[in-house]
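Written below as C-alpha cells is the structure these notes are about.
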Amino acid sequence: PVLMAERLAYLPSIFACVLAGGLYARLAAGRGPGASPGWPFGKAGLHMIVILAVAAMGARTFVRAGDFHSDLTLYRSDTRSCPRSVKAAYNLGNALSRDGFQEEAAASFERAVSLAPWLGIAWSNLGSARLQLGRMDEAEDAYREAVKADPTLVTARASLAGLLYLGGRLDEALAQAQAALDLNPPEGDAAQLRELIARIRKRLSPPPSAAGP
C-alpha cells in the first residue's frame, strides 16, 4: 500500500553500502581472503567488478529518476509496477484529469473503483471526468455510487445536485443540494449551494396568480 516504497530502503542501504565499502577496502589493501593470488585477474579484476557494479546501479538510478519528472510519469510508473495499487490508479487519474486527459483519467478512476468500490472520492472524480466528456448518464451513476460509498462527501452530493438540476429533476436536486449544505462545507461551497437551492426553489414555486381588474 506504500507508494514509492524504495524510500523505505534508503536508511538500511547505508549500512549495506558501508559494509560493502569496508570489504572492498580490505580486499584492495590485500588484507582479506579475496586478495589472495587466486582472485581472478588480481586487484585489477576486483576494481573492474566494483566499477561495473557501481555503473549498473547508477544507470538504474538514472532511469528511476526519470520517473520523477512529473506527476504523470511518476504515477504511470507506479501503476506499471503495482497494477493493483488503488493509490497509484487514483493519483494517476487526478494527474491525467489536471492535464486535460479526461478519457484516460476516467479509465484510471474506473480501475481504482474496481479495486476499491468503497472509495467514494474516486467515484466522485470518475463522475467529474465523465461529465467533462459529456457522458451525463454515466457521470450521474458515478456520483450516486460516490454518495452511496460516502454519504458525507460534499463534492459528490453537490455535483449530483447540479447534474439533476440541469436535467430538470428539481425535487431530487433540491434534496441532494440541501443534504450537501447540511454537511457544513467551506463558505465558498456553501454559498454556491445556497444559490443553487434558491434557483431550484424559484423554479419549483408556482407562478403568481394574475391580479384581477
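The values are calculated or read from the model by the stated rules, or taken from the named source; none is laboratory data. These figures come from a predicted structure and were not determined experimentally. For neighbour counting, all protein chains shown are included, and Cβ atoms are generated from backbone atoms with ideal geometry for every residue, glycine included. Keep in mind that these areas ignore ligands, DNA and RNA; they rest on the heavy atoms of the full protein, side chains included. Shrake-Rupley method; radii C 1.70, N 1.55, O 1.52, S 1.80 Å.
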| query | For the chain, what is the calculated [θ] at 222 nm in deg cm²/dmol (nearest 500), taking -39500 (n - 2.57) for each run of four or more DSSP H residues and dividing by its residue count? | reply | -23500 deg cm²/dmol
| Considering only the other residues whose Cβ falls under 12 Å of the Cβ of A173, what net charge follows from Lys and Arg at +1 and Asp and Glu at -1? | +2
| task | Please give the contour-minus-distance gain from I14 to E138: 0.36 nm per residue of separation, less the Cα-Cα distance, rounded to one decimal in nm. | result | 39.6 nm
| request: Averaging sequence separations of C-alpha pairs under 8 Å and six or more residues apart, then dividing by the length of the range 56-213, give the relative contact order as a whole percent. | output: 12 percent
| Does anyone have the angle between helix 170-182 and the longest principal axis of the chain? Alpha-carbon axes, 0 to 90°, nearest 10? | 50 degrees
| query | Normalised by the number of residues in the range 68-107, what is the relative contact order in percent for Cα pairs under 8 Å and 6+ residues apart? | reply | 32 percent
| request: Using packing as a proxy for protection, rank 117-127, 186-196, 97-107 so that the peptide with the highest average count of other Cβ atoms within 10 Å comes first. | output: 117-127, 97-107, 186-196
| Roughly how many Å² is the accessible area per residue of the range 95-213, as a whole number, for a 1.4 Å probe? | 56 Å²
| request: Please give the contour-minus-distance gain from D99 to A25: 0.36 nm per residue of separation, less the Cα-Cα distance, rounded to one decimal in nm. | output: 21.6 nm
| note | For the chain, the longest principal axis of the Cα atoms and the Cα long axis of helix 42-66 enclose an angle in degrees, to the nearest 10, of 10 degrees
| request: Binning at 5 Å from 0, report for the range 73-179 what percent of all alpha-carbon pair distances ends up in each bin. | output: 2, 16, 23, 22, 17, 11, 5, 3, 1, 0
| task | Measure nothing fancy, just the Cα-based angle from helix 187-204's long axis to the longest principal axis of the chain, in degrees from 0 to 90, nearest 10. | result | 30 degrees
| message | Not counting ligands, DNA or RNA, and with a 1.4 Å probe, what is L174's accessible surface area in Å² rounded to the nearest 10? | response | 40 Å²
| task | Over the range 120-213, consider all pairs of different Cα atoms and compute the Kirkwood hydrodynamic radius from their mean reciprocal separation; express it in Å, one decimal. | result | 13.7 Å
| query | In the chain, what percent of the accessible surface is made up of carbon and sulfur (1.4 Å probe, ligands and nucleic acids excluded)? | reply | 64 percent
| Identified option (computed log10 I(q)/I(0) by the Debye sum over Cα atoms at q = 0.07, 0.08, 0.14, 0.15 Å⁻¹; candidates (i) -0.30, -0.38, -0.91, -0.98; (ii) -0.43, -0.51, -0.91, -0.98; (iii) -0.26, -0.34, -0.93, -1.03) | (ii)
